[in-house]
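Right, one structure below, let's go through it.
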Amino acid sequence: MRTLIRDVDVFDGEHTTRRTSVLIDGDRIATHDDRPADVVVDGTGKTLLPGLIDAHTHVFDGSLAQALTFGVTTELDMFCLPANLARQRASAAERDDMADIRSAGMLATAPGGHPSQLMAALGDAAAFGDAVGAFDTVATADQARAFVDARLAEGIDYLKVVIDDGMVHGADLPVLAPDVVAALVDAAHANGLTVIAHAITSAEVEVALNAGVDGLAHVWIDPGPRTPELVARIAAHGLFVVSTLAYFEVIGQPGVGAVDHAAADSAIHAVHTARALHRAGVPLLAGTDATPFAPAHGAAMHRELVLLTEAGLSTEEALTAATSVPARHFGLTDRGRIAPGLRADLVLVDGDPTRDITAIGAIVDVWRRGVRQAR
Ligand SMILES: [Zn+2]
């Protein structure tokens with residue numbers, strides 16, 4: 001099956017080309033030739049983009065299908081228990097009506113540490129099946145190697161470490177000691193794994209930086225005198241940061257989740273930190289922390305793009321943060337851009353999101369691995 005999308009504006013993951021055409025051949029983007037296409041799509045007045053990559057999600061049954069309807073063609077899951085992960089992966093490989101998945105699998109946290117309290121709360125709801133339950137933890141540095149080996153056996157794509165004393169969630173939780181974080185990072189790097197840290201205060205970010213992580217799963221939300229120094233260190237060491245501004249917007253709303261006043265101003269502070277990171281040239285990856293609750297898979301990504309522009313990114317920079325930048329930092333060499341040979345993960349929208357970011361919500365068509373989705 002060959003599909004030609006013609007007379008369309010194309011944002012290729014980095015730049016915009018006006019009024020051009022893109023050929024899909026099977027599951028790939030192809031080079032133009034003289035053979036006729038089976039299907040021709042008129043792209044007049046529309047913009048074609050690479051499928052969006054959400055760089056921070058939590059996948060439950062139904063999440064990947066929901067994401068795809070909003071043009072999110074790949075989700076980077078940041079915590080998934082083994083049985084659930086195996087099922088989501090098998091579905092995403094087999095079916096074309098859901099987003100693709102990469103995952104951290106089981107995250108590394110202290111015994112009783114975040115997110116044990118959230119899992120305990122969800123554990124009462126039988127509806128979540130094998131997506132919630134008990135999970136491995138790490139108590140001491142000498143357990144780090146065995147923990148990473150177990151995750152490698154489960155086939156994780158990257159390692160996530162949690163450095164969170166619970167303060168922002170209104171709790172007081174055990175947290176990984178700095179030497180344990182460092183041992184986990186060393187064990188992961190020895191096996192070629194990228195390490196991403198959940199750290200949401202400047203003190204926690206400092207532990208992550210000292211341990212040598214590759215990226216942060218959130219911005220931090222206690223802006224203060226330490227922020228410029230942390231931003232400079234992050235820039236100097238070439239780390240990436242996943243934004244999750246939509247998440248902080250949600251937890252900052254009264255009456256949502258287990259939140260105290262520490263979280264009330266989190267959205268404003270998150271945008272402030274994102275702005276400082278962007279100004280320093282730190283790569284920001286659009287991520288939402290989507291769950292089956294809020295933020296929602298797919299829809300939250302559109303909101304995240306708006307919030308990134310409020311943090312000072314241009315519209316094209318925000319779209320880059322949702323396409324080529326996460327692909328580059330997570331080694332997804334087959335996607336995130338529109339170029340011959342890459343996967344035909346594509347989104348067609350009415351209007352021009354490179355000028356008005358809200359146009360990303362006006363989705364006309366989504367192709368996943370070359371398969372046009374029913375709408
Ligand atoms: Zn998360």
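The values are calculated or read from the model by the stated rules, or taken from the named source; none is laboratory data. No experiment lies behind these values; they were computed from the predicted model shown. All Cβ positions, even for glycine, are placed from backbone atoms using ideal geometry, and neighbour counts span all protein chains on display. Protein only, heavy atoms only, side chains kept; ligands, DNA and RNA dropped before computing areas. Shrake-Rupley method; radii C 1.70, N 1.55, O 1.52, S 1.80 Å.
Laid out as a table, the results:
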{"quantity": "The chain: projected area of the alpha-carbon convex hull, averaged over directions, in nm²", "calculated": "17.5 nm²"}
{"quantity": "Calculated from backbone phi, Karplus (6.51, -1.76, 1.60) coupling profile of segment 292-298 in Hz, x at Gly/Pro", "calculated": "x, 9, 9, x, 8, 4, x"}
{"quantity": "Whole-number accessible area per residue in Å² for the chain, which is evaluated in the context of all protein chains at 1.4 Å", "calculated": "38 Å²"}
{"quantity": "Dipole in debye (nearest 20) - the chain, about Cα centre, beta carbon charges: Lys, Arg +1; Asp, Glu -1", "calculated": "780 debye"}
{"quantity": "Relative contact order %, segment 271-375, counting alpha carbon pairs below 8 Å whose residues are six or more apart", "calculated": "20 percent"}
{"quantity": "Thr17-His32 pseudo-label distance in nm [points 7 Å out on the Cα-to-Cβ vector]", "calculated": "0.8 nm"}
{"quantity": "Most to least packed among 181-189, 240-248, 214-222 [average Cβ atoms within 10 Å]", "calculated": "240-248, 214-222, 181-189"}
{"quantity": "Reduced Cα scattering model of segment 91-232, Debye log10 I(q)/I(0), q = 0.10, 0.17, 0.22 Å⁻¹", "calculated": "-0.37, -0.99, -1.38"}
{"quantity": "Packing rank of 166-179, 278-291, 29-42, where each peptide gets the mean count of other beta carbons within 10 Å, highest leading", "calculated": "278-291, 166-179, 29-42"}
{"quantity": "Segment 1-96: trypsin sites (Lys or Arg not before Pro) in DSSP loop, at most 14 other beta carbons within 10 Å", "calculated": "Arg95"}
{"quantity": "Pairwise FRET efficiency - Thr358 versus Ser314, Cβ, R0 = 22 Å, nearest 0.05", "calculated": "0.90"}
{"quantity": "Estimated inter-spin distance, Asp61 and Asp130, nm [label 7 Å along Cα→Cβ]", "calculated": "1.1 nm"}
{"quantity": "Arg6-Arg95 pseudo-label distance in nm [points 7 Å out on the Cα-to-Cβ vector]", "calculated": "3.5 nm"}
{"quantity": "Surrounding net charge for His15, when Lys and Arg each add one and Asp and Glu each subtract one, Cβ distance under 13 Å", "calculated": "-3"}
{"quantity": "Alpha carbon centroid spacing (whole Å) that separates segment 153-195 from segment 308-338", "calculated": "25 Å"}
{"quantity": "Rounded percent of accessible protein surface that carbon and sulfur make up, the chain, 1.4 Å probe", "calculated": "53 percent"}
